[in-house]
1. Full extension from Lys278 to Glu82: what is 0.36 nm times the residue separation minus their Cα-Cα distance, to one decimal in nm?
2. Once both axes come from the Cα atoms, what is the angle between helix 261-278 and the longest principal axis of the chain, in degrees from 0 to 90, rounded to 10?
3. Output the direction-averaged projected area (hull surface divided by four) of the convex hull of the alpha-carbon atoms of segment 197-280, in nm².
4. Cα gyration tensor of segment 64-109, axes a ≥ b ≥ c as square roots of the eigenvalues: rounded (a/c below 1.5), prolate (a/b > b/c) or oblate?
5. State, to one decimal in nm, how far the label point of Tyr62 lies from the label point of Tyr151, with both points 7 Å from Cα in the Cβ direction.
6. Would you calculate the separation in nanometres between label points at Val31 and Thr131, each defined as 7 Å from the Cα along the Cα-to-beta-carbon direction?
7. Can you pull the Kirkwood radius for segment 36-99, inverse mean 1/r over Cα pairs, to one decimal in Å?
8. For Met83, Met218, give the ranking by accessible area with the largest first, probe 1.4 Å.
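The values are calculated or read from the model by the stated rules, or taken from the named source; none is laboratory data. Just so you know, these numbers come straight off a predicted model, no measurement behind them. Note that each Cβ is placed from the backbone with ideal geometry, even for glycine, and that neighbours are counted across all protein chains shown. Note: areas computed on protein heavy atoms with side chains; ligands, DNA, RNA excluded. Shrake-Rupley method; radii C 1.70, N 1.55, O 1.52, S 1.80 Å.
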Amino acid sequence: MQLIDGKALAKKVQDSVSTGVEQLKQEKNIVPGLAVLLIGDDPASHSYVKMKAKACEKVGFYSITHNMPDTISQDEIIATIEMMNNNPRIDGILVQLPLPKHVDTDKILEVIDPTKDVDGFHPYNVGRLVTGLDGFVACTPLGVMKMFEEYNIDLKSKDVCVVGASNIVGKPMASLLLNAEATVTVTHIFTKDLKTHTSKADIVVVGVGVPGLIKEDMVKDGAIVIDIGINRREDGSLVGDVDFANVSAKCSYITPVPGGVGPMTIAMLLSNTLKAAKGRI
Ligand code: NAD
């Protein structure tokens, strides 16, 4: 069994983004800029945004965080996004999810200029992904694809089972795998018999938010298992959606939690923001 080291790969991606930023500064006098909208007091969101801001600083981006109370109106959020759409120093706009209940998330995401949509959640970019066109792709699944590339894992004709079908994880993951010519099965909470699907797969990619959902008897010998889940235990430690201790013994490759997909998400956000800055007119 080989561990897929997301921490090391994320560092490699960040180093290449730093080099790209330096080049862009020298050649075009452009400093990539990222704006983050953080609404409410969700501790996990605050911690993610802090990590993102730190990563931006490290690679030499200009970054601003709009910290707003959860009582803020939808119109005020929209006005802030429009301001960022029109700000020439901002290349990427990220709205940290989840949003407060009174806010229509789909509506908010549609206000973001698709050329600044570094999270890849705007329907325009989702459409481009599904049709196999270039655009911005959601950072977490994009990070998983980068892992496959780094470890020379060929996806063509592989049977892949994606567990979880959210707009930000499972669905874009399935599209990327399909574009890479894998045979993709997408499963979710209403799937009748999850094990039937996972146990036939060459590769299992799971992102659901249920600790230990994927057990030893649900994967075949030699399978590749990618664990996107991040679940916080009572003692504060993090675990994924895979019963790592038992499943890892059967795998050819597996990602750990922490230190697997998590660090890749931030690295790909940096990479997407650099891409947006390179496209500045
Ligand atoms: P979500 O709640 O929006 O979606 C969960 C999906 O899992 C749904 O499609 C649901 O049908 C499915 N599901 C739930 N229980 C299931 C079960 N018992 N069997 C099969 N499918 C089931 O969640 P999300 O935003 O997609 O996040 C999923 C997980 O990924 C969470 O643990 C989250 O913390 C993690 N996540 C990690 C990163 C990262 O950077 N590594 C990024 C985003 C999300």
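1. 68.5 nm
2. Here the helix axis deviates by roughly 40 degrees.
3. Computed as one quarter of the Cα hull surface, the answer is 6.8 nm².
4. Working: a/c = 1.84, a/b = 1.79, b/c = 1.03.
It comes out prolate by the Cα gyration axes.
5. 3.9
6. 3.7
7. Numbers: mean 1/r = 0.0810 Å⁻¹.
Result for segment 36-99 stands at 12.3 Å.
8. Sorted by accessible area, descending: Met83, Met218.
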